[in-house]
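> Here it is, the structure, as structure tokens.
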Amino acid sequence: MDLETLQAKCLTCQRCPLWETRQHVVFGQGVPDAEVLFVGEGPGQNEDQQGLPFVGRSGQLLDKYLFAIDLDRSKNCYIANIVKCRPPQNRDPLPAESEACMPWLREQFRILRPKIVVCLGRIAAQRMIRPDFSVTKEHGVFVDKGGVAFMGTFHPAALLRQPQNKPLAFGDFAALRDKIGQVCTHTY
Ligand code: URA
């Protein structure tokens with residue numbers, strides 16, 4: 001199955017109650033041969049309205065970080081979320097919602113076969129790396145899982161609230177650029 005076929009299926013998903021309040025399913029965005037996969041938490045209001053990930057203020061910040069290391073969602077990476085539908089009032093996704101939605105991300109992962117996965121924020125890092133992952137303590141550290149390099153960093157929305165962490169996040173993206181140079185074949 002390719003990503004487009006998977007997306008078409010995902011767009012009618014009713015596996016958890018979030019479908020009832022969504023405007024759009026936010027499946028993901030990027031190139032089909034991406035070697036670097038970014039995973040956020042879930043759509044906010046702007047994403048829900050547009051059907052695309054990270055298009056609000058935090059998305060603009062993410063795009064700046066991507067640009068700084070020559071990544072671009074339309075050229076050489078892919079952006080997805082743990083949950084594809086907006087949790088009301090932007091609350092954290094409930095464990096049952098994440099659980100119900102994870103098969104979509106797993107299938108995206110299987111199709112893309114990324115070399116590197118970057119988890120944006122605690123919710124994604126705790127799902128994808130370790131249930132007790134601490135972004136404060138472990139951001140920017142790559143861990144190998146089955147030949148794929150996983151890293152967690154600050155969620156862009158958290159950086160908007162706590163701009164003092166922006167240099168740390170920038171360091172994580174610099175480490176990402178180095179890692180891409182080491183393990184990716186056609187990202188740069
Ligand atoms: N925050 C997320 O975690 N994901 C988005 O797509 C937008 C904001």
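The values are calculated or read from the model by the stated rules, or taken from the named source; none is laboratory data. As the structure is a computational prediction, the values presented were derived from the model and not from experiment. Because the Cβ atoms are built from the backbone with ideal geometry, glycine has one as well, and the counts that use them run over all protein chains shown. The area values use the complete protein model at the heavy-atom level, side chains included, leaving out ligands, DNA and RNA. Shrake-Rupley method; radii C 1.70, N 1.55, O 1.52, S 1.80 Å.
> Just for the chain, what percent of DSSP beta bridges are antiparallel, to the closest 5?
Numbers: 5 of 18 bridges.
Antiparallel: roughly 30 percent of the beta bridges in the chain.
> Also, quick follow-up: May I ask you to derive the relative contact order of the stretch 1-96, considering only C-alpha pairs under 8 Å and at least 6 residues apart, and to give it as an integer percent? Please report the intermediate quantities before stating the final value.
Values: 148 pairs, mean separation 36.6, N = 96.
The normalised contact order for the stretch 1-96 reaches 38 percent.
> How much accessible area per residue does the chain have, counting only protein heavy atoms and a probe of 1.4 Å, in square angstrom? Mind dumping the intermediate values first?
Values: 9300 Å² over 188 residues.
Ligands and nucleic acids excluded, the result is 49 Å² per residue.
> Further question on the same structure: Hey, which lysines would be in cross-link range of residue 9, C-alpha to C-alpha under 23 Å, not counting anything within fewer than 8 residues on its own chain?
Answer for residue 9, where 23 Å is the Cα cut-off: 84, listed by chain and number.
> Quick check: at a probe of 1.4 Å, how many percent of the accessible area of the stretch 102-188 sits on carbon and sulfur atoms? All intermediate terms of the calculation are to be shown ahead of the outcome.
Working: 2360 of 4390 Å².
Answer for the stretch 102-188: carbon and sulfur cover 54 percent of the accessible area.
> Whole Å is fine, so just give me how far the alpha carbon centre of the stretch 56-78 lies from that of the stretch 167-184.
If we compute the Cα centre of each part, the gap is 13 Å.
> Under 8 Å for C-alpha pairs, at least 6 residues apart: give me the relative contact order for the stretch 1-160, rounded to a whole percent.
Working: 291 pairs, mean separation 42.3, N = 160.
It comes to 26 percent, rounded to a whole number.
> Continuing with the same structure: Given R₀ = 30 Å, what would the calculated FRET efficiency be for residue 75 paired with residue 130, taking r from the Cβ atoms and rounding to 0.05?
Values: r = 31 Å, r/R0 = 1.03.
Here the calculated transfer efficiency is 0.45.
> Modelling each spin label as a point 7 Å along the Cα-to-Cβ direction, I'd like the residue 1/residue 24 distance in nm, to one decimal.
Going from the residue 1 label point to the residue 24 one covers 2.2 nm.
> Shape verdict for the stretch 54-188, please, from the Cα gyration tensor: rounded (a/c under 1.5), prolate (a/b greater than b/c) or oblate.
On the way: a/c = 1.39, a/b = 1.13, b/c = 1.23.
The shape class here is rounded.
> Whenever you get a sec, compute what percent of the accessible area on the stretch 42-87 sits on carbon and sulfur atoms (1.4 Å probe). It would help to have the intermediate numbers written out before the result.
Details: 830 of 1880 Å².
Result for the stretch 42-87: 44 percent of the exposed heavy-atom area is carbon or sulfur.
> A further question on this structure: Given a 1.4 Å probe and heavy atoms of the protein chains only, how would you sort 4, 97, largest accessible area at the top?
Details: 4 145, 97 10 Å².
Most to least solvent-accessible, the answer reads 4, 97.
> Which lysines have a Cα lying under 26 Å from the Cα of residue 137, excluding residues fewer than 8 positions away in the same chain?
Filter leaves 64, 115, 145, 166, 179.
> While we're here: Sort 78, 188 by heavy-atom solvent-accessible area, probe 1.4 angstrom, most to least.
Details: 78 10, 188 120 Å².
Correct descending sequence by accessible area is 188, 78.
> Given the options 125, 175, 80, which has the most mean-square fluctuation in a GNM of the chain, springs set between C-alpha atoms less than 10 angstrom apart?
175
> Karplus couplings for the stretch 138-150 from phi (6.51 cos²θ - 1.76 cosθ + 1.60, θ = phi - 60°), rounded to Hz, Gly and Pro as x?
Listing the rounded values in order: 10, 4, x, 8, 8, 10, 8, 10, x, x, 10, 8, 9 Hz.
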